[in-house]
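Here, each number is a calculation from the coordinates, and none is a lab measurement. Computed from a predicted model, the values in this text were never measured in an experiment. Virtual Cβ from ideal backbone geometry, glycine too; neighbours counted across all protein chains shown.
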Amino acid sequence: MLYYCLMKYSKLMKERIYRSKILFKELGYEVFDGTIMEETYSAGFEKKGDFAGGYFIDSDSKFLEIAYSFSFSNVLGPFVQTRLNEMLKICYEFGCYMNLQKDDDLNFSIFSKIYFAGLNYYSLKETLKDFNNCILALKEVIEINNYAGGSDENS
């Protein structure tokens, strides 16, 4: 199925998907089956003892986008709000940006991008290192074990 969907993509898009998969694997990450929706390819990645995340390739973009999300119960909204300024500073420090979305739960997503023209083993390695350090720093800030007797609900 994936092969059939890839057939409709341009040669450039196919090369970007292939190149990204190879680079993640060379860095020791397991890459999970990707999904194709319209003009966007997305896949997950994980490394034992490191972290898991997702990456996205949009045919209209010149960037590989990496993402990680935290989810909280809406009850913890005030708690997250008190730490939002510090969370923004951490994202900025590591060259990441974020998105906060409130649905049934409160979802806090962190993103980083790499320009495809500069995507190679070392650039992805360094970007993932900074991205992982950003996630670890954010986890420290949003440690909620002692908040109102609640449990740790971040992912």
Note to self, the chain gives a 222 nm [θ] from helices alone (DSSP H runs n ≥ 4, -39500 (n - 2.57) apiece, / all residues, nearest 500) of -12500 deg cm²/dmol
Of the listed values (1) 179; (2) 125; (3) 115, identify the label whose number matches volume of the Cα convex hull per residue in Å³ calculated from this model.
(2)
Excluding the sites themselves, what is the longest stretch of the chain that contains no GluC sites (Glu not before Pro) in a DSSP loop with at most 12 other C-beta atoms within 10 Å?
39-142
Karplus-derived 3J(HN,Hα) from phi for the range 21-34 (6.51 cos²θ - 1.76 cosθ + 1.60, θ = phi - 60°), whole Hz, x at Gly and Pro, runs 4, 4, 5, 4, 5, 4, 7, x, 8, 7, 10, 8, 3, x
Between residue 26 and residue 130, what length in nm is gained on full extension when 0.36 nm per residue of separation is reduced by their alpha carbon distance?
35.7 nm
Loop only per DSSP, at most 16 neighbouring Cβ atoms within 10 Å: give me the chymotrypsin sites (Phe, Trp or Tyr not before Pro) in the range 1-107, ordered by residue number.
32, 51
Estimated inter-spin distance, residue 50 and residue 101, nm [label 7 Å along Cα→Cβ]:
2.5
On a straight-distance basis, which lysines could pair with residue 89 in a cross-link, Cα separation under 20 angstrom, same-chain partners fewer than 8 positions away excluded?
113, 129, 139
Quick one: net charge around residue 122, please, counting Lys, Arg +1 and Asp, Glu -1 for every other residue with C-beta under 12 Å from its C-beta.
0
Tell me the angle of helix 77-93 to the major Cα principal axis of the chain, expressed in degrees between 0 and 90 and rounded to the nearest ten.
50
